[in-house]
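Every number here is computed from the coordinates shown, using simple stated rules; none is lab data. Predicted model, so just to flag it, every value in this text is computed and none were measured. Cβ atoms come from the backbone with ideal geometry, glycine included; neighbour counts cover every protein chain shown.
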Amino acid sequence: MAFVIIKPKRDKALQRKHPWVFSGALAQKKGNPAAGDTVDIVSAKGEWLGRGAYSPKSQIAVRLWTFSEDEPVDEAFFRRRLERAIVNRRELKKRCHLNACRLVNAESDGLPGLIIDQYDRFLVCQFLTVGVHAWKDVIVQQLQDLVAPEGIFERSDSPVLDKEGLPRTVGRLAGHEPPETIEIREGDFRFLVDVRNGHKTGFYLDQRDNRHQATHYAADGDVLNCFCYTGGFGVAAMAGGARTVTNIDVSVASLDLARQNMVLNNLNSERVDYLQADVFKQLRYFRDAARDFDVIILDPPKFADSKQQLDRASRGYKDINLLAVKLLRAGGYLFTFSCSGLMEPALFQKIVADAALDAGRDAQIIGRMGQAADHPTSLTFPEGHYLKGLLCRVW
Ligand code: SAH
């Protein structure tokens, strides 16, 4: 087997079982590995450190499959990892009455680069690194054996594929084509998911617990749901007894599904507004019109893809949070999120604190939110924790 040798003193992260080796840490490679090949990783002193997938184009040159020297990376390996991830979700699915769930969460399930989401009888996959790309056929076969879905669909169309030198690929991998929308069940809620054109694999499964949290704060309130996508938080707020919900998104297609989702949940659509608008502009418009709300949800898209974008992202978060805090009635609730993994929780909290200060309002954190349990974070891979939310009471 080909192998790579790590520069002296660059093995600390691997000793702590962090699953990435950066290209700058490589001293030598032996045996001419190709993209996606399995390589052993050896320290400068010759100790065996791990085994992973080689990715020559990426800054992350090797992603670890295993830290056990006697564990080969073969079909049985993928079978074990997939089975463990899938079995680990069973209890959650049952307890929360879900038929949609993330089954495999990449590095945090020991399968770097692989995302598998289940939407009722369909699986939607993302193969985001050359490592998992090389094992695609095996993985698809194993999924058929383990889950027996009606169809498996690929949504490998994330910009991160460019860094791996992989083409974007969307289409059926096995079984039937998924329907235009798939109806999923999340406790008492139902949602329609467009797995072909929707964001990520179609739905924000990671916000499940936070949606439910929103039901508890919405009673009799006027709720503003910014960046609503297909209206998950809006449905939760209406189900929680909101007086009105205002859903805002730039995407007409998303708003259209949001409308359908409200109907699907038998909620009174007459009390719901759907605004196709830029949130940054609409919040200013509301401020100038002296509109106010009892609950505001801010769940923007990822503002930072790289460290260079962090400053600009921070200004974006500050801007919307400042405007939102101003629009809240005394005692109102702000659900504010950042899904940029690069935005540290402490910095995000400081931005929200600065926003409240500049708005001249007092605010308390009454809850901290994160991604749902089917999006675990391995303790050896803190980067896996990307979704942060603060629930603030504003005075
Ligand atoms: N809260 C949603 C997920 C939000 S995803 C949920 O729980 O399902 C982010 C959404 O923001 C996308 O639907 C995208 O269309 C929208 N968006 C991005 N930039 C926007 C802007 N400037 N103004 C309004 N909507 C925006």
- line: Residues other than ASP137 with Cβ under 15 Å of its Cβ, Lys/Arg counted +1 and Asp/Glu -1, net out at -1
Cβ-based exposure ranking for MET262, MET369, MET1, MET238, in which fewest neighbours within 10 Å come first: MET1, MET369, MET262, MET238
- request: Report the label-to-label distance for GLU71 and ARG84 in nanometres (one decimal), using points 7 Å from each Cα along the Cα→Cβ vector.
  value: 0.5 nm
- line: Long-range amide H partners of GLY50, meaning residues 5 or more apart or on another chain whose placed amide H is closer than 5 Å, are ILE41
Rounded to whole Hz, the Karplus (6.51, -1.76, 1.60) HN-Hα couplings of segment 347-352, x for glycine and proline: 5, 4, 4, 5, 5, 5
query: Hey, rough spin-label estimate for ASN268 and ALA2, points 7 angstrom out along Cα→Cβ, what's it come to in nanometres?
result: 6.5 nm
message: Using the basic label-point model (7 angstrom from Cα toward the beta carbon), what is the LYS9 to LYS307 distance in nanometres?
response: 1.8 nm
message: How large is the convex hull of the C-alpha atoms of segment 196-306 per residue, in Å³?
response: 110 Å³
statement: Ratio for segment 261-395, C-alpha Rg to 2.2 N^0.38 Å, reads 1.12
statement: Summing -39500 (n - 2.57) over every DSSP H run of at least 4 in the chain, dividing by its residue total and rounding to the nearest 500, the 222 nm mean residue ellipticity is -9000 deg cm²/dmol
- line: Between GLN371 and residues 5 or more places away or on another chain, the pairs with built amide H atoms under 5 Å apart involve LEU387
query: Magnitude of the Cβ-charge dipole of segment 1-66, K/R +1 and D/E -1, about the Cα centre, nearest 20 debye?
result: 240 debye
- request: Determine which residues of segment 364-379 fall in the zone a paramagnetic label at ASP209 would reach in this model, i.e. backbone nitrogen under 13 Å from the point 7 Å along Cα→Cβ.
  value: 367-377
- prompt: In sequence order, what are the phi-derived ³J(HN,Hα) couplings for segment 293-301 according to the Karplus relation 6.51 cos²θ - 1.76 cosθ + 1.60 with θ = phi - 60°, rounded to whole Hz, with x for glycine and proline?
  reply: 9, 8, 9, 10, 10, 10, 10, x, x
message: So, R0 is 30 Å and r is the distance between the beta-carbons of VAL138 and LEU347; what FRET efficiency does that work out to, to 0.05?
response: 0.15
query: Over its Cα atoms, what ratio of radius of gyration to 2.2 N^0.38 Å does segment 65-167 give?
result: 1.06
message: Would any residue of segment 188-221 have its amide N under 20 Å from a label point 7 Å out along Cα→Cβ of HIS176? List them or say none.
response: 191-198, 202
- prompt: For ARG190 and GLN28, what does the FRET efficiency come to when R0 = 45 Å and r is the distance between their Cβ atoms, rounded to the nearest 0.05?
  reply: 0.20
statement: Karplus ³J(HN,Hα) for segment 199-213 (6.51 cos²θ - 1.76 cosθ + 1.60, θ = phi - 60°; Hz, whole; x = Gly/Pro) runs 5, 6, 9, x, 8, 8, 4, 5, 8, 3, 5, 6, 4, 5, 4
message: Considering all alpha-carbon pairs of segment 332-395, what whole percent are spaced by more than 19 angstrom?
response: 34 percent
field: Amide N proximity, segment 323-356 versus TRP395 label position 7 Å along Cα-to-Cβ, cut-off under 20 Å
entry: 324-336, 350, 352-356
- line: Exposure-ranked with fewest Cβ neighbours within 10 Å first, ARG79, ARG90, ARG84 stand as ARG90, ARG84, ARG79
